[in-house]
Amino acid sequence: MSIEGVLQNVTNRWTAAGSHRPFYMGIGGGSASGKSTLAAHMAERLAPLHVQVVGQDSFFKKPEDMPQYYSQISGQYHPAYNEPDSFRQSEMFGACRALQRAECDVVILEGILVLWFEHLRALMDLKLYIDADADERIIRRIRRNMKQVEDCVSITDYYLESVRLQHAQYNAPTSAYADWILPGGIADADERTVAVRAICRSIERLYS
């Protein structure tokens with residue numbers, strides 16, 4: 001089915017349910033696949049509609065309360081930021097449900113595991129997954145994280161020992177829940193742009 005066909009089905013369901021709440025969109029994908037960037041771009045693109053962006057990272061537990069993984073490199077346990085139990089789930093579900101009564105048109109939930117949780121998927125009218133190759137994602141992680149941590153070795157060690165494994169176990173399988181999978185690579189920019197424009201036009205028509 002084409003993106004237009006998917007969007008027609010999605011908007012038909014939202015309209016049939018009644019336009020008494022915001023249109024919910026979920027954006028999942030691997031670490032550094034471009035979720036936050038896409039969410040911010042779409043919020044800007046959808047103006048003047050009032051868009052509320054919710055980053056799943058804001059619900060991380062304190063490091064000491066997170067699941068731990070054992071590093072063969074350091075010989076120590078470290079927090080694992082990429083598992084379902086890494087988040088304050090009850091608070092996250094409650095905050096996202098509360099936005100059904102908010103004064104906004106669109107709610108965008110973005111994060112590595114927004115498609116993992118059934119409670120969040122149940123809110124979503126449109127579920128997207130950004131599929132970016134692992135080599136591009138690790139390069140983006142290094143560039144991004146070195147702005148805060150000037151240690152490329154620790155960044156790559158964490159990716160190899162934790163992120164990569166948890167991506168395969170928890171993140172990648174959530175692509176099966178997506179209504180549409182967006183290519184996340186640099187070479188896929190044109191294809192991604194076409195799909196994003198179609199999505200935004202479809203949402204704009206709901207409020208025209």
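Some points to look at:
- Estimated dipole of the chain in Debye, rounded to 20 [Cβ of Lys and Arg +1, of Asp and Glu -1, Cα centre]: 480
- Cα-based helix-to-principal-axis angle, 3-17 vs the chain, degrees rounded to 10: 70
- If you wrap the tightest convex hull around every Cα atom of region 1-116 and split its volume per residue, you get 134 Å³.
- With protein chains left intact and a 1.4 Å probe, residues in the chain average 52 Å² of accessible area per residue.
- P(r) histogram, all alpha-carbon pairs of region 95-149 included - 10 Å bins from 0, percent: 18, 37, 26, 19, 0
- Applying 0.36 nm per residue to the separation of A102 and H41 and subtracting their alpha-carbon distance, the gain on full extension is 19.8 nm.
- Taking every alpha-carbon pair in region 37-85 and binning the separations at 10 Å intervals from zero gives 22, 31, 22, 18, 7, 0 percent.
- When the inverse distances between all different Cα atoms of region 56-208 are averaged and flipped, the Kirkwood radius reads 17.5 angstrom.
- Solvent-accessible area of the chain (1.4 angstrom probe, protein heavy atoms only): carbon and sulfur portion equals 51 percent.
- Taking GluC sites (Glu not before Pro) as exposed when their DSSP state is a loop state and no more than 14 other Cβ atoms lie within 10 Å, the longest site-free interval of the chain runs over 1-102.
- Exposure rank, largest accessible area first [R192, R13; 1.4 Å]: R13, R192
The values are calculated or read from the model by the stated rules, or taken from the named source; none is laboratory data. Keep in mind that what you see is a predicted model, and the values were worked out from it rather than measured. Every residue, glycine as well, gets a Cβ built from its backbone with ideal geometry; the counts of neighbours run over all protein chains shown. Accessible surface is based on the protein model in full, side chains and every heavy atom, while ligands, DNA and RNA are left aside. Shrake-Rupley method; radii C 1.70, N 1.55, O 1.52, S 1.80 Å.
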